[in-house]
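The values are calculated or read from the model by the stated rules, or taken from the named source; none is laboratory data. In this text the structure is predicted, and so the values were computed from the model without any measurement. No Cβ is skipped: glycine too gets one built from the backbone with ideal geometry, and neighbour counts run over all protein chains shown.
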């Protein structure tokens, strides 16, 4: 399901033994534009440190109950490697964090946004591994650069022939935790209009200038389907958006995401079809 980042930030993070807080921010990498950590606002619990939750531990967001289910206990989270609130997320911290939980590192080699997989390996039960999974043989790792959605909000957006507006929010796929779209507010150019831009259409980002450069023209943006709060992000809407820009949809590049969609439709107690079953060790909440 596609959700606005601002909406997810109102959801409660529900661990296996109780609520732990709400989503404060998202850290994403600037290569795949995929959320690698949710930053939890835990109130008076675990003060003075950043409480990071990897999508490896997450189930899809529950829109009805406004919760994100976390397949960890409070004790596991409390005992995890600590990172001070004023410290950046270093490669060393990420290694120790994933080693603690026994999860594979997303920047180990592999052709997909999660290394060898198109989605987080929710089948890795935290603390239930004698040995951390190893990177694929012969696959080269890459250096992740984590960015905050909170910091990137407000960045100016530049088309191939001029500025068009600024980043207002992000639309996140809660199956893969990929950022599927940036919501662009064009009020200074096209009053009242908001449009969606896929990260795949971004040519580059100048982090020093706080500016996003997209490989589309102002005219194409002007004629693009409008995005409003009332718009349902159906596959039909997404298809029309991609057809307008003459771009291939991410669902074509990521056929496994269709299997994720199928799995999400399986009701509790039903058998998951073999073609989409992921593991017998998955935690079910």
Consider residue 181 against the criteria (1) surrounded by fewer than 22 Cβ atoms within 10 Å (Cβ to Cβ); (2) in contact with a strand residue (DSSP E or B) (Cβ under 8 Å, 6 or more places away or on another chain): it satisfies all of them except one. Which criterion is unmet? (1)
In this structure, does residue 22 turn out to be out of contact with any strand residue (DSSP E or B) (no Cβ under 6 Å at 6 or more places or on another chain), outside the structural domain of residue 180 (by TED's automatic domain parsing), free of Cβ contacts under 8 Å to residues at least 40 places away in the same chain and not in a loop (DSSP other than H, G, I, E, B)? no
In this structure, does residue 43 turn out to be surrounded by fewer than 20 Cβ atoms within 10 Å (Cβ to Cβ), at positive phi, in contact with a strand residue (DSSP E or B) (Cβ under 8 Å, 6 or more places away or on another chain) and not assigned by TED's automatic domain parsing to the domain that holds residue 200? yes
Quick check on region 228-240. Is at least one of its residues over 21 Å from the mean Cα position of the chain (by Cα), surrounded by 13 or more Cβ atoms within 10 Å (Cβ to Cβ), at pLDDT 75 or above and not in a loop (DSSP other than H, G, I, E, B)? no
From 69, 38, grab the single residue that is assigned by TED's automatic domain parsing to the domain that holds residue 103 and either farther than 19 Å from residue 105 by Cβ or surrounded by fewer than 23 Cβ atoms within 10 Å (Cβ to Cβ) (or both). 69
For region 119-145, which positions are buried (at least 18 other Cβ atoms within 10 Å of the Cβ) and at pLDDT 75 or above? 119, 120
Is region 77-100 home to any residue that is out of contact with any strand residue (DSSP E or B) (no Cβ under 7 Å at 6 or more places or on another chain), in contact (Cβ under 8 Å) with a residue 12 or more places away in the chain, closer than 20 Å to residue 175 by Cβ and outside the structural domain of residue 179 (by TED's automatic domain parsing)? no
